[in-house]
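Structure first, commentary second.
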Amino acid sequence: MAKVHITNVVVLDNPSSFLNPFQFELTFECIEELKEDLEWKMIYVGSAESEEFDQVLDTIYVGPVPEGRHIFVFQADPPNVSRIPEQDAVGVTVVLLTCSYRGQEFVRVGYFINNEYADVEMRENPPPKPLFHKMTRNILASKPRVTRFKINWDDAPVNGVAGGPSNGMMDGEEAPSDEMATNGDNGDHGMDGESNSASSSHPPDLVHDENSIAMPAPEMPETVFQFRLSLEMSLILVTGMPGVGKTTIMRKVSGELRKQNVPIAGFYTEEMRDSKTGDRIGFDVVTFDGQRAPLARTSSNHTTNPSVGRYSVWLDEFERLALPALDARHAAKDGVLLLDEIGRMELKSRNFQERMDAIVKEVGTGKLRFVATIPLKSAGIGVIERLKRIKSCQTFHVKPSNRDDMYGDVKDAVMRSLSA
């Protein structure tokens, strides 16, 4: 259970001049004393196309935090305008408020921003170069988007998750905006930093004020959130030791998606055993529509093929089936690409590597939902390291002690990605 719950956010000085500071009044409940600081960040999204233009406007540390309710005003200077692409200066973007504990991000709140010229004539005929001092900034306070992440509150995480959930073994839990109340509670919160006794009941969900005028829906492109908010949890990685049940989870997830009429693409691997001795002799790749081809065998006449351990990788046969299965993701663009696994055998194929490079870009820009299994020992595998750095990444570690429950966790995460 989360030990900190944001219960209220009030957007102050809104609408405002573009060059004025950002101000948010945040109220949060701490259900148990925290001995270490909470790290709060305010991030301005300079462009939906690339993280390169994100700007951390300010970072503050609050703590140690006693049990109770707390309120403070988070103020930050406006973004450095020289770092905003000219084509993205006017229009809709996003500001993010994030909070982390021990390097683990557990909540982020995102707001649409509409930047436009105050003068009607300039709105109709914008100057060739952005004039930020003539722009107004309107934060759409009635349209927050909230994502919560399960973290380890008691012990420092084993792998470290500095920078957010992308590196941690944790589950994402989205709080859709339609569950949020529409009227802010501007009552008696107490003085800044004042602590009140915590309620014994679960704290209420985030509420917000309505001190801005909401734009019509068509002017608020969801693509901004797709690209930058990590709300859609578009990347799920499943890891664990060989034989622990990763493939079984993927096959069960594919069956559930088919029941829901969700388009799927990709393949899974299946070990092959000698019918007489029961010894493992290799692996096949199997598409989700039932086609099969060899991936590797312990003995082979394919002497020119690369090897991994005692296995020879049958590149031609693998590519003939696997590459079209990956390319089918374009036809299943509203669905999910499932891949079991991104392993050293598959990566012996240069063409497979090229497909994976393209997939990483599509996932990183919010254009693809991707669920894949990866080896537990994947250090040094570049494509996996790049996937883990994507902000929307969730990693599930399957063990003998949790594999019965892990299917439900993975399935729930996939379904959340479809409903986002």
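Overall, the range 302-361 carries a charge dipole of about 140 debye about its Cα centre when +1 sits on the Cβ of Lys and Arg and -1 on the Cβ of Asp and Glu, all other atoms neutral.
Accessible-area rank, largest first, for Val286, Val92: Val92, Val286, with all protein chains present and a 1.4 angstrom probe.
Measuring r between the beta carbons of Glu51 and Trp153 and using R0 = 25 Å, the FRET efficiency lands at 0.35.
Label point of Thr304 set 7 angstrom out along Cα-Cβ; within the range 315-346, amide nitrogens under 18 Å from it belong to 315-320. Sequentially through the range 131-140, phi angles give Karplus couplings (6.51, -1.76, 1.60; θ = phi - 60°) of 10, 5, 5, 9, 9, 10, 10, 10, 7, 7 Hz, Gly and Pro residues having no value and appearing as x. Entry comment: accessible area of the range 226-419 is 47 Å² per residue, from protein heavy atoms only and a probe of 1.4 Å. In the assembled protein chains, Asp58 presents an accessible area of approximately 50 Å² (probe radius 1.4 Å).
The fraction of accessible area contributed by carbon and sulfur in the range 4-148 is 45 percent, rounded to a whole number (1.4 Å probe; ligands and nucleic acids excluded). Accessible-area rank, largest first, for Lys348, Lys361: Lys361, Lys348, with all protein chains present and a 1.4 angstrom probe. Each residue, Leu418 and Thr277, gets one label point 7 Å from its Cα in the Cβ direction; the gap between the two is 4.3 nm. Using 0.36 nm per residue and subtracting the Cα-Cα separation, the extra length available between Asn261 and Gln87 on full extension is 58.7 nm. In terms of Cα atoms, the Rg and Dmax of the range 226-419 work out to 16.2, 54 Å. Here the range 391-420 is scanned for amide nitrogen atoms under 11 Å from the site 7 Å beyond the Cα of Met241 along Cα-to-Cβ, giving 399-401. Computed with every protein chain present, the accessible area of Leu338 is close to 0 Å² [probe 1.4 Å]. Evaluated with a Cβ-only charge set (Lys, Arg +1; Asp, Glu -1), the range 14-165 carries a dipole of roughly 300 debye about its Cα centre, given to the nearest 20. Computed from backbone phi with θ = phi - 60° and the Karplus coefficients 6.51, -1.76 and 1.60, the 3J(HN,Hα) list for the range 255-269 is x, 5, 5, 5, 4, 8, 6, 8, x, 10, 9, x, 7, 10, 9 Hz; x is used for glycine and proline. By a 1.4 Å probe calculation restricted to protein chains, Asp316 has an accessible surface near 100 Å², given to the nearest 10.
The values are calculated or read from the model by the stated rules, or taken from the named source; none is laboratory data. Note that the structure is a prediction, hence the values are computed from the model and not measured. Please note: Cβ atoms are built from the backbone with ideal geometry, for glycine as well, and neighbour counts cover all protein chains shown. Side chains are part of the model used for accessible areas, which takes the heavy atoms of the whole protein and leaves out ligands, DNA and RNA. Shrake-Rupley method; radii C 1.70, N 1.55, O 1.52, S 1.80 Å.
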